[in-house]
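Since every read-out is calculated from the coordinates, none of them should be taken as a lab result. Note that the coordinates shown come from a computational prediction; the quantities given were computed from them, not determined experimentally. Cβ placement follows ideal geometry from the backbone for every residue including glycine, while neighbour counts extend to all protein chains displayed.
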Amino acid sequence: MEQKKRLELIIERMALARARDILEEAGLTGYTILSAMAGYGGGRRWRRSDLSTAEEMTVVISIGDEEKIEKALAELHKLLEAQIGVLSVTTVDVLRPDRF
């Protein structure tokens, strides 16, 4: 097992294309995008069915080397200044490090 960094971003769908570009420009070779179904934040509960298409939330997960994650973080920070979103980075152990 080898340690890598895992980036998890919850962001409005309207900002998803820019978030993907940032990850790719940082050299991250893969990511997964999931639809967020419901949540609680900003003092209110929300469900996907309650939101317009532009407000829908997505979850982006990417695992990579620390240097690539750090490079992405600088640009994602700028993106989150203008968008609703949550970003976390954790250390994970991966079984096949050559895939990241």
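Out of GLU66, GLU24, I need the residue that is touching a residue at least 60 places away in the same chain (Cβ under 8 Å) and of a type in the set (Asp, Glu). Which one?
Of GLU66, GLU24, the one residue that is touching a residue at least 60 places away in the same chain (Cβ under 8 Å) and of a type in the set (Asp, Glu) is GLU66.
A quick yes/no check of all residues on (1) surrounded by fewer than 16 Cβ atoms within 10 Å (Cβ to Cβ); (2) of a type outside the set (Phe, Trp, Tyr); (3) in contact with a helix residue (DSSP H, G or I) (Cβ under 6 Å, 6 or more places away or on another chain); (4) within 10 Å of ILE10 (Cα to Cα):
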residue: ILE61; (1), (2), (3), (4): yes, yes, no, yes
residue: LYS68; (1), (2), (3), (4): no, yes, no, no
residue: HIS77; (1), (2), (3), (4): yes, yes, no, no
residue: GLU81; (1), (2), (3), (4): yes, yes, no, no
residue: ILE84; (1), (2), (3), (4): yes, yes, no, yes
residue: SER88; (1), (2), (3), (4): yes, yes, no, yes
residue: VAL92; (1), (2), (3), (4): yes, yes, no, no
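Report, by residue number, each residue of segment 1-45 that is in a strand (DSSP E or B) and touching a Lys or Arg at 6+ places or on another chain (Cβ under 6 Å).
Our first condition is that a residue be in a strand (DSSP E or B); within segment 1-45, this holds for 2-12, 32-35, 38-41, 44-45.
Once the filter is applied, which keeps residues that are in a strand (DSSP E or B) and touching a Lys or Arg at 6+ places or on another chain (Cβ under 6 Å), segment 1-45 yields only ALA38.
Within segment 38-56, is even one residue of a type in the set (Gly, Ala, Ser) and buried (at least 17 other Cβ atoms within 10 Å of the Cβ)?
Residues of segment 38-56 of a type in the set (Gly, Ala, Ser): 38-39, 41-43, 49, 52, 54.
Next cut, buried (at least 17 other Cβ atoms within 10 Å of the Cβ) only: none.
There is no residue in segment 38-56 that is of a type in the set (Gly, Ala, Ser) and buried (at least 17 other Cβ atoms within 10 Å of the Cβ).
For segment 1-20, name all the residues that are farther than 28 Å from ASP98 by Cβ and either crowded, with 20+ Cβ neighbours inside 10 Å or not β-branched (Val, Ile, Thr) (or both).
Across segment 1-20, the qualifying residues are ILE11, GLU12, ARG13, MET14, ALA15, ALA17, ARG18.
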